[in-house]
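First comes the structure, then the notes that go with it.
The values are calculated or read from the model by the stated rules, or taken from the named source; none is laboratory data. These figures come from a predicted structure and were not determined experimentally. Note that each Cβ is placed from the backbone with ideal geometry, even for glycine, and that neighbours are counted across all protein chains shown. Protein only, heavy atoms only, side chains kept; ligands, DNA and RNA dropped before computing areas. Shrake-Rupley method; radii C 1.70, N 1.55, O 1.52, S 1.80 Å.
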Amino acid sequence: MTETTLKAPVRSEAHRWAAVIICWLLIVMDGYDLIVYGAVQNSLIETTDWGLTPGSAGTLGSLAFLGMMIGAVVAGRLADTLGRRRTILVCVIVFAVATVLCALAPSPGVFGALRLIAGLGLGGLVPSANALTAELIPPRWRGSMATLMMSGVPIGGAIAALTGLALIPAFGWRSMFWITAVSFILLAVAWKVLPETSTVRTPVTDLGPAGREKAGFSTLLGPHWLTFSILFALTTLFTLFAWYGLGTQLPKIMRDSGADLGPALAFTLALNLGAVLGSVITAWAGDRFGILPTATVAAGVAGVALVSLMSGTTATAAIYIALVLAGIGTHGTQSLIIGAIASHYPENLRGTALGWALGVGRIGAVLAPQVSGILLGMQGVAPSMNFLLFGGSALASALVLGLLTVLSRRQRNRVPEEAAPATAIVP
């Protein structure tokens with residue numbers, strides 16, 4: 001006999017949706033805390049005595065993503081064993097405390113350590129919140145709901161850009177980190193409304209509780225799930241390289257291209273507003289045309305839009321349009337990938353699968369600021385080369401997603417629908 005995590009009991013329909021909304025609001029704060037570094041990076045280089053260069057600033061920015069890589073894998077697994085609610089609450093406490101303390105950091109070393117710790121909570125929140133939300137809604141809505149839930153990330157990024165325009169000139173970069181104190185209010189609400197995950201004792205077979213496959217990485221990376229698990233992780237890596245690379249480095253790229261602080265943050269705002277729009281568009285398109293085909297097209301659109309910026313156009317409208325399309329494509333793609341994973345894997349593997357894909361994907365998020373920072377610091381290399389870097393990554397994601405689409409169709413044709421372990425993501 002062993003304990004296994006079952007669906008969370010919910011007292012009422014209102015309580016169910018209150019839990020979904022608070023998870024979304026927490027993801028908004030997750031997005032703010034991620035993008036806030038991009039908003040303050042120029043100020044850290046230009047107004048502190050920390051001696052930062054574009055390269056070292058890129059490395060500093062990547063520390064949060066390194067923490068996210070660890071946090072996503074660990075928290076995703078814990079969410080399947082200890083419960084979603086506990087994991088979410090711990091993640092919020094970790095990232096909120098560490099981010100607020102960034103406002104008091106006296107040196108780049110302390111600042112970087114705090115961003116690393118914050119990343120542990122930030123990385124753990126998204127798979128845990130998505131896994132809990134998937135339990136609270138009907139299966140037919142899981143793909144689109146995961147996509148809409150992830151709209152919180154660019155909304156948080158847009159808030160970071162907007163507040164940066166107002167606060168940084170008036171109160172300095174440290175003021176941006178005090179805003180995360182709002183997370184403590186959300187934490188109190190989450191403590192009240194998030195449902196507990198119930199546990200009961202059930203017999204275990206070789207496949208796990210009640211004949212199901214065991215939860216854990218051994219099953220996720222076993223013969224039955226291995227190909228899809230690797231491809232989901234790979235496309236997440238490419239997509240997060242493009243999305244978080246842009247989110248972190250876009251203000252610096254535009255500043256080095258001749259824009260002042262205001263327009264540089266305005267371009268970041270355009271990227272994030274495009275991502276918010278992308279969450280809605282891709283949620284609709286995913287339901288109508290299939291999650292994986294839609295994700296493939298979205299990634300391709302982002303790649304083409306970013307590569308087009310290599311032309312060196314100085315037309316402001318053209319730049320804004322390209323960045324909006326990039327936001328729609330990159331974040332829309334990642335939201336669809338999360339929705340596909342949430343639909344593809346059974347409940348007892350869902351948190352682990354989300355944590356695995358996002359954890360491996362964070363490798364891209366870790367590398368993107370560092371590689372971009374090196375490019376920005378190289379003499380004779382145009383800042384626009386970064387658009388080729390990020391656009392190429394988006395196009396690589398489109399190729400992997402195309403392969404996933406083909407494999408998913410073959411799986412559906414090979415396995416009868418009633419016997420298939422995963423039929424919700426098929427095109």
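Values computed for the structure shown
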| item | result |
| --- | --- |
| Note, ³J(HN,Hα) from phi for region 400-406, Karplus 6.51, -1.76, 1.60, rounded to Hz, x at Gly and Pro | 5, 5, x, 5, 4, 4, 5 |
| Helix 316-344 axis, angle to the chain major axis (alpha carbon atoms, nearest 10°) | 20 degrees |
| With at most 16 neighbouring Cβ atoms within 10 Å, loop GluC sites (Glu not before Pro) (DSSP) excluded, longest segment of the chain | 197-416 |
| The chain: most fluctuating residue of Ile159, Ile363, Ile168 per GNM, C-alpha cutoff 10 Å | Ile168 |
| Most mobile of Thr239, Thr133, Thr163 in a GNM of the chain (Cα contacts under 10 Å) | Thr163 |
| Mean ellipticity per residue at 222 nm, deg cm²/dmol - from DSSP H runs of n ≥ 4 across the chain, formula -39500 (n - 2.57) | -26500 deg cm²/dmol |
| Computed label-point distance, nm, for sites Ile185 and Leu403 using a 7 Å Cα→Cβ extension | 4.7 nm |
| Per residue accessible area of the chain, 1.4 Å probe, in Å² | 37 Å² |
